[in-house]
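Trainee: There's a structure below that I have some questions on.
No value in this document is a laboratory result; all are computed from the given coordinates. Quick caveat, the model's predicted, so the values are computed rather than measured. Note that each Cβ is placed from the backbone with ideal geometry, even for glycine, and that neighbours are counted across all protein chains shown.
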Amino acid sequence: MSFMAYFVDARAASIQIVTIRHSSAEAEIRGLIGSPAARRLPIKDHHLVFHDGKGLMRGMQSVSEIEGMKHLLGGNFVITGLEMTGRLTSPLLPVAELARRIRIVRPILDPVVPSGDSVAAQITFRIRIVRQRPKFGGYRRVTDVRNLSVQQS
């Protein structure tokens, strides 16, 4: 038996629907987010976010914020539904609604190139912050829990 979940790839700024088996849900989720120690955080409307608890401790290209959550998320994460019994289930909200609540925040480096002969030695960067919603990236299926690999279909 399986259920659907939403996988957010922070680097690609995409959200995808994945199918996860109940019997190996924790292993499949850890494989998707790329962390052996996935942490759970509750969000509104009977949903859970699984994320890398150490994601904010190392250098990263972006952080993510979810409307109504106090915590920033580092790296990829998975959103599932949560039944009253505590069992994981498919999210109750459509993928487009949850994508609307997510912002991926990343720095953009704009080069400031001076004119002249020695351009490379004098180049500087202006930093700006961009917040974007993840784009729908289709469906994925987890194919091998032992190798924690994911294939796009």
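Trainee: For the range 39-73, run through the trypsin sites (Lys or Arg not before Pro) and keep only the ones in DSSP coil with at most 16 other Cβ atoms within 10 Å of their Cβ.
Mentor: For trypsin sites (Lys or Arg not before Pro) across the range 39-73 that sit outside H, G, I, E and B with at most 16 neighbouring Cβ atoms in 10 Å, the list reads 44, 54, 58, 70.
Trainee: Between residue 124 and residue 61, what FRET efficiency follows from the Cβ-Cβ distance if R0 is 22 Å, with the result rounded to 0.05?
Mentor: Using R0 = 22 Å, I get an efficiency of 0.60.
Trainee: In what sequence do 95, 113, 18, 105 fall when counting other Cβ within 10 Å, fewest first?
Mentor: Ascending number of Cβ neighbours within 10 Å: 113, 105, 95, 18.
Trainee: Considering only DSSP states other than H, G, I, E and B, which GluC sites (Glu not before Pro) in the range 21-70 qualify as loop sites with at most 14 other Cβ atoms within 10 Å?
Mentor: Those satisfying the criteria are 67.
Trainee: Taking other Cβ within 10 Å of each residue's Cβ, how do 123, 104 sort, fewest first?
Mentor: By the 10 Å Cβ count, ascending, the order reads 123, 104.
Trainee: In nm, to one decimal, how far is the residue 69 label point from the residue 24 one, both placed 7 Å along Cα→Cβ?
Mentor: If labels sit at residue 69 and residue 24, their model points lie 2.5 nm apart.
Trainee: Something else: Straight-line reach from residue 70: which lysines fall under 22 Å, measuring Cα to Cα and dropping same-chain residues less than 8 apart?
Mentor: Of all the lysines, those that pass the test against residue 70 - Cα under 22 Å, at least 8 places apart if same chain - are 44, 54.
Trainee: For the pair residue 108/residue 84, report the inter-label distance in nm, with labels modelled 7 Å from Cα in the Cβ direction.
Mentor: Result for the modelled spin labels: 4.7 nm.
Trainee: Also, quick follow-up: If I model a spin label as a point 7 Å beyond the Cα along the Cα-Cβ vector, how far apart are those points for residue 135 and residue 37 in nm?
Mentor: Spacing of the two 7 Å Cα→Cβ label points: 3.5 nm.
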